[in-house]
Every structure is written in structure tokens, then in C-alpha cells.
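Take a look at the structure below.
The values are calculated or read from the model by the stated rules, or taken from the named source; none is laboratory data. Just so it is clear, the structure is predicted and the values come from calculations on it, not from any experiment. Using ideal geometry, Cβ is built from the backbone for each residue, glycine included, and neighbour counts are taken over all protein chains shown.
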Amino acid sequence: MSRILVTGGAGYIGGTTVAVLLQQGYEVTVLDDCSTGHADSVPAAATFYQGSILDGEIVRKALEDCDAVIHFAAKSLVGESVEKPDLYRSNNVNGSQVLFDEMDGAGITRIVVSSSAATYGDSREQPILESHKAHPTNPYGETKLAVDNLLVDLAHEENFAAISLRYFNVAGALMLESGWLAERHDPETHLIPNVLRATSEKPLKIFGTDWDTKDGTCIRDYVHVVDLADAHVKALSALETGRHEIINLGSGGGYSVREVVDTASKVVGYEIPAIEVDRRAGDPAVLIASIEKAKTILGWSPSRDLEMMISDAYKSLKD
Ligand code: UFG
């Protein structure tokens, strides 16, 4: 039986991955400081340490009896990273360094890491291949790239087996026997939960309608959180000693903000109230993943479409 340490396992994507790992027969230890995650979402079947990846002592304890790590713990809001770059460097880069040092000390060298499409920055080339030059346009993307680079060295120098999974836009929710594992961010900045919470008093703000896209709104590549969690479990089996791979996770296609709003209106059965406002700082016009590498290396492709993401997110918010 294999035991996996999941850092950030009380969060939205980490928590969904913990549930999928348990369903697939893995033993799980969770380490989360609960700054954005929720202790009440950690299943009783997992061993839980509440603490920071910056704390070597608690990381050491959490690593006991583990064979591999899936590392989610990070600050992940682009806007906040522009305001507080030092917080992002300390938590994301220094915290990852503490984790990697403790893994090295404990002789644990297998790791799957949560990276981001934000590492690529603004790209003219769509869909984006993993070989695309990384040019992050905000501190969040810079910290994710710095962590990926640490892993390149660890694979070469310490024989780590590492995969960085670069997510595009994640949405949806997982249904458990105990109820929905919902996306619970405060503040919520993501499009789909904001679309579903919009009311005529507080309509959705569509950020920018003058982008160089088919309908003037930004295009993003959406992937269901359960498909994403499955990819992490598949990545554990694809780890190779002495290698670091970067793999995109998305759907390979894109939807504009207006298309998301229209699909959501269809799903919920009423027109989502929306107003048009100025562009949001830091937004690139289009982000679409090439997912050929995920198909080849992980044997993964997503099976849940945008309608299902919105419908699951809707049910989880009403639960
Ligand atoms: N948007 C709106 N109104 C809102 C929220 C978002 O119009 O209320 C628009 C944004 O301007 C953007 C699109 O919807 O064009 C998607 O925005 P999100 O905030 O949902 O997601 P982002 O694309 O900004 O960022 C997400 C993750 C990042 C990650 C990035 C990589 O939050 O961590 O995807 O693709 F880096």
C-alpha cells in the first residue's frame, strides 16, 4: 500500500485529489495550514497535520511512511500576487524548498507538483505547448516557474522523479457520499463560481469586451476538477527517476467569457445577470492548452465538458 503526502490537501483541487486517491486505495497524509483550505473537508480516513510547508519540523512528521508527494500548497491568486509578491515568494518558493529539502533528507524522491498556465504568460501561440518559452507576467506565475526550475535541478542532481502539472482553468466539483466537495474561496475571483452567484443586485462583471477574440471577451480552457484529480493519480504512476516533466492539463479547446455565461444560463434555466466593465489587469486574451503530452505520457484525456463543470459547480453551491 502506498502512502501519499498531499500538501494543500484541504483546498479545492488538493481536497478533490485526496478523495480520488482514497477511492483508488491509496493511504493519504494531508499537510495544510488552512489559510485558504478547510480542515472540515479533510476526510477522516486521511492523516491530517495542520501546519505550514515553511515549518521543516511538521513537514518531516508529515512525510513519515510516505512514498511520494503531491504538492498543491501555495498562494494562487494572480491579483494578490501583484500586491504581495514577497508573500508569494516566501510561501510558494521558500515553502517548496523546505519541502524538497525534507524529502531529500528522508530519501523520498517522487513528486507531482501543481504548476500553472500562468508560467507561460501572454502567448501568441495557441494551443500552448509545454516547450513554449515561459514568460510569466505576474509574481504568481514567476513563483510557479521558480518551483518548476528547482525540480529540474533536483531531478538532475538528486535523482528526483518529478512531474509539474500546468493547469489551465479548473471548475466543477466532486460528489461524495457525504455531499458535494465545493469550491469555497473567499474572496471568490474565478469566473464560473462568480457566474453562478450573480444576481440582479450583484450582476457578474464581464472584464473587457474589446479583446481581439471572436466576441471581444477573453478565451480560457476549462477542465473539470475531477478530471484534473485523475491526472494527478495517473502522474504518480508515470514518474521516472532522474526526470522532470512538464505536462499541461486542460481540454485542448477554449470558451469565451460570453460563451461561459450563455452555457450557464442554459444550465440554471434563467439568464445570468451580467454587466460589461473594463479589462482586469494582468489578464491575457487567450489561454488554450495543448494536451497531447498529457495524452501520451499520462494516458489521460478529460471526459467532462463545460456544461457538466457548470452543472456540478451549481449543484455544489446549492448543497
Ligand atoms: N472573469 C470575468 N468576471 C469575473 C471573473 C473572471 O469576466 O468575475 C474573466 C476573467 O477576466 C478571465 C476569465 O473570466 O478572462 C477567467 O478568469 P478566472 O479568474 O476564472 O481565471 P484566470 O484565467 O484569471 O486564472 C486561472 C487561475 C490561475 C491560473 C490561470 C491559468 O485562477 O491561478 O487560470 O490559466 F494561473
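Some points to look at:
- Members of the stretch 271-304 found to be of a type in the set (D, E, K, R), touching a residue at least 12 places away in the same chain (Cβ under 8 Å) and within 29 Å of Thr199 (Cα to Cα), listed by number: Glu276, Asp278, Arg279, Arg280, Asp283, Arg304
- Among the residues of the stretch 149-168, some residue qualifies, meaning at least one is buried (at least 20 other Cβ atoms within 10 Å of the Cβ), touching a Ser or Thr at 6+ places or on another chain (Cβ under 7 Å) and polar (S, T, N, Q).
- Candidate set from the stretch 167-205 (those that are more than 7 Å from the ligand (Cβ to nearest atom) and of a type in the set (S, T, N, Q)); member that is nearest to the chain's Cα centre (by Cα): Ser178
- Picking from residues in the stretch 203-225 that are among the β-branched types (Val, Ile, Thr) and farther than 17 Å from Gln126 by Cα, the one that is surrounded by the fewest Cβ atoms within 10 Å (Cβ to Cβ) is Thr209.
- Positions within the stretch 244-269 being among the basic types (Lys, Arg) and within 14 Å of the ligand (Cβ to nearest atom), in sequence order: Arg258
- Within the stretch 206-243, tally of residues that are farther than 15 Å from Leu298 by Cβ and either within 16 Å of the ligand (Cβ to nearest atom) or part of a strand (DSSP E or B) (or both): 19
- Elements of type helices (runs of 4 or more DSSP H) in the stretch 76-135, at least 2 residues being surrounded by fewer than 15 Cβ atoms within 10 Å (Cβ to Cβ) and at pLDDT 95 or above: 85-88, 95-106
- Identity of the residue in the stretch 274-296, crowded, with 16+ Cβ neighbours inside 10 Å and part of a helix (DSSP H, G or I), that ends up nearest to the chain's Cα centre (by Cα): Ala294
- Here Ala62 qualifies as out of contact with any His (no Cβ under 7 Å at 6 or more places or on another chain), assigned by TED's automatic domain parsing to the domain that holds Ile111 and not polar (S, T, N, Q).
- Filter result for Lys234 (closer than 24 Å to Asn149 by Cα, out of contact with any strand residue (DSSP E or B) (no Cβ under 8 Å at 6 or more places or on another chain) and surrounded by fewer than 20 Cβ atoms within 10 Å (Cβ to Cβ)): yes
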